[in-house]
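Every number in this text was worked out from the coordinates using simple rules, so none of it is lab data. What you are looking at is a predicted structure, and each value in this text was computed from that prediction instead of being measured. Cβ coordinates were reconstructed from backbone atoms using ideal geometry, including for glycine residues, and neighbour counts include every protein chain displayed.
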């Protein structure tokens, strides 16, 4: 029987992997833009970039787990849930949205407009990576219904409903449809399912370990090919297969890393607690790094590696330092 712990330490590894993968995606995207279209390098960097695009589904999966895992031994209360979740997410989101908007005003890209600010804050449109937060907030607001469905229906039925909604939503295209909850609902509910059916989920994940890896690699290839060919109709379905298999692939990797003790849990936990801040700050750091370190005489691969290492290093140091300062300050109050 699989032990259901009070804290799932291996999720720290999954969260750190997903966080650093976001930075890899954004740095390698620069390589796609800067490389010669149609070249072998261009095709290779697309494949590399797509390989790490599991980030949004993985974070939603993690959010589904962390949202409901704590309610195993206590009553779920909707307003209490919202208060706890929004407190940790919304304030940093508003702060960093304001910072990015301030930078855009400072550089002359925009002038201050309060209606523009409110609209783009709600849409998560102040920076290219903030679209994830409105998606997550939609999941939080829907959590009451999700909890009700899991209490009234078999968990597999809820997963099936979410899967069907996801499939149908792939063909929905309207302004900002990329941040509409129905296109991502399966991943969040998959995380909730783990909290409700922990042992069956872990057992199933281990059973399909090799299969999920094969499907993940195959889906990555087709995901990249359809992206290159601009066959976005087919790419959406490849992305869904890629994302589902990617979640199980990362889940198994994280459990294996934690079990074998490759890294100290205490240090990984500190890093895991800082991933939200790393996520929020890294585009600013990447922008500063890329403006400071021009490509010049360096080849593209070398400069992308420098960008990646610098962005991860600086973002991590600043975020871990801030989180430590915040915790120390709260203890002293």
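Each residue in 15, 260 was given a count of other beta-carbon atoms within 10 angstrom of its own, and listing them fewest first yields 260, 15. Using C-alpha pairs below 8 Å separated by at least 6 residues, the relative contact order for the chain is 28 percent. On the beta carbon distance between residue 230 and residue 116, with R0 = 45 Å, the FRET formula returns roughly 0.90. With all distinct Cα pairs included, what does the Kirkwood hydrodynamic radius of the chain come out to in Å, to one decimal, could you say? Over the chain, the inverse of the mean reciprocal pair distance is 21.2 Å.
Using the per-residue mean of other Cβ atoms lying within 10 Å as a proxy for protection, in what order, highest first, do the peptides 25-38, 160-173 fall?
Most protected by this proxy first, the peptides run 25-38, 160-173.
Its convex hull of Cα atoms gives region 7-96 a direction-averaged projected area, equal to a quarter of the hull surface, of 7.7 nm².
Computed over region 204-283, the range of Cα coordinates on each principal axis works out to 44, 37, 17 Å, biggest value leading. When only alpha carbons of region 44-127 are considered, Rg and Dmax amount to 17.8, 53 Å. Along its principal axes, region 139-277 has C-alpha extents of 45, 41, 35 angstrom, given from the largest down. Entry for region 170-220 at q = 0.22, 0.27 Å⁻¹: log10 I(q)/I(0) = -0.91, -0.97, Debye formula applied to identical alpha-carbon scatterers, no solvent contribution. In region 86-183, Cα pairs under 8 Å separated by at least six residues give a relative contact order of 24 percent. The rule of thumb for compact globular proteins, 2.2 N^0.38 Å, goes into the C-alpha radius of gyration of region 129-193 1.11 times.
Just the projected area, averaged over all directions, of the convex hull on the alpha carbon atoms of region 96-208: how many nm²? Kindly include the intermediate steps, with their values, before the conclusion.
Details: hull surface 37.1 nm².
Projected over every direction and averaged, the Cα hull of region 96-208 covers 9.3 nm².
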